[in-house]
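The values are calculated or read from the model by the stated rules, or taken from the named source; none is laboratory data. Since this is a predicted model, take the numbers as computed values, not measurements. No Cβ is skipped: glycine too gets one built from the backbone with ideal geometry, and neighbour counts run over all protein chains shown. Areas reflect the complete protein model, heavy atoms only, side chains present, ligands, DNA and RNA absent. Shrake-Rupley method; radii C 1.70, N 1.55, O 1.52, S 1.80 Å.
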Amino acid sequence: GAGVSQSPSNKVTEKGKDVELRCDPISGHTALYWYRQSLGQGLEFLIYFQGNSAPDKSGLPSDRFSAERTGGSVSTLTIQRTQQEDSAVYLCASSLAGQINQPQHFGDGTRLSIL
Amino acid sequence: DQQVKQNSPSLSVQEGRISILNCDYTNSMFDYFLWYKKYPAEGPTFLISISSIKDKNEDGRFTVFLNKSAKHLSLHIVPSQPGDSAVYFCAASAGSGGSNYKLTFGKGTLLTVNP
């Protein structure tokens, strides 16, 4: 079956512009996660959605970052007024539910480059 | 501060030999651990996990060992194959807490298996 799909796969934009990154989770997965991997670093948790519950936004690095999940499926991560330090690979994952014994399945990521 | 540490950025082994990837953690609340494998330009793929109530979990060629007193875990791959060449990430969760979905990742170890 189809895995987690992310678009675009690459995005290059100028500093100060806004960007939107999209994630289509695996069908039937109620839990959705966004991570960021900066160069030479591990994955950094950003935000978590579970069904219709309020998201856990505790990992968002600043108020320039926001995310939404419409209809419990597709999610969009928005970065406003991008800065060079936002350059990273942004990864989306989904799982059947937000339980640790249900592994998170990752998309291939969006490589974001801020000029 | 880094709560999950993979101190070896890279490891090179011969095909057929054992690969041992190490991971140390500092947060005593972590009680569930996972290993992910990542190929270039792809998202991480779940490999194997272990709960803190166990000290070993085996799945085919992959075995994870957990030493809670030392806050150390390791992934053994026997025998190693060229297709195992990838970056391996160690991740941890405070599984019994309310936010057990939140994974903390190490920086990864690049494994190269030489034919």
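Residue count for the stretch A:57-72 under the criterion of being out of contact with any strand residue (DSSP E or B) (no Cβ under 7 Å at 6 or more places or on another chain), away from every other protein chain (no Cβ under 14 Å) and not charged (D, E, K, R): the result is 5. Please enumerate the residues belonging to the stretch A:8-60 that are open to solvent by 40 Å² or more (accessible area, probe 1.4 Å) and not in a loop (DSSP other than H, G, I, E, B). Residues satisfying the conditions are A:ASN10, A:LYS11, A:VAL12, A:GLU20, A:ARG22, A:ASP24, A:GLU44, A:GLN50. Against the test of being open to solvent by less than 30 Å² (accessible area, probe 1.4 Å) and among the charged types (D, E, K, R), the options B:ASP59, B:ASP84 yield a single qualifying residue, B:ASP84. Please go through the stretch A:61-80 and pick out each residue that is in a loop (DSSP other than H, G, I, E, B) and more than 21 Å from A:GLN102 (Cα to Cα). Within the stretch A:61-80, A:PRO61, A:SER62, A:ASP63, A:ARG64, A:THR70, A:GLY71, A:GLN80 meet the criteria. The residues on offer are B:PRO115, B:PRO82, B:PRO9, and the sole one that is farther than 24 Å from A:ILE47 by Cα and touching a helix residue (DSSP H, G or I) at 6+ places or on another chain (Cβ under 8 Å) is B:PRO115. Reported count of residues in the stretch B:46-97, each being hydroxyl-bearing (Ser, Thr, Tyr) and within 11 Å of the chain's Cα centre (by Cα), is 4.
Against the conditions (1) in a strand (DSSP E or B); (2) touching a Gly at 6+ places or on another chain (Cβ under 6 Å), B:ILE50 satisfies every one except (2). On inspection, B:LEU103 qualifies as open to solvent by less than 10 Å² (accessible area, probe 1.4 Å) and either more than 12 Å from the chain's Cα centre (by Cα) or more than 8 Å from chain A (Cβ to nearest Cβ) (or both). Scanning the stretch A:83-111 for residues that are more than 8 Å from chain B (Cβ to nearest Cβ) and more than 16 Å from A:GLY42 (Cα to Cα) yields A:GLN83, A:GLN84, A:SER94, A:LEU96, A:ALA97, A:GLN102. The single condition among (1) crowded, with 18+ Cβ neighbours inside 10 Å; (2) over 25 Å from A:ILE26 (Cα atoms) that B:SER93 does not meet is (2). Reported count of residues in the stretch B:1-30, each being part of a loop (DSSP other than H, G, I, E, B) and surrounded by fewer than 19 Cβ atoms within 10 Å (Cβ to Cβ), is 14. Regarding B:LYS56, is this residue of a type in the set (Lys, Arg) and touching a Pro at 6+ places or on another chain (Cβ under 9 Å)? It is false that B:LYS56 is of a type in the set (Lys, Arg) and touching a Pro at 6+ places or on another chain (Cβ under 9 Å).
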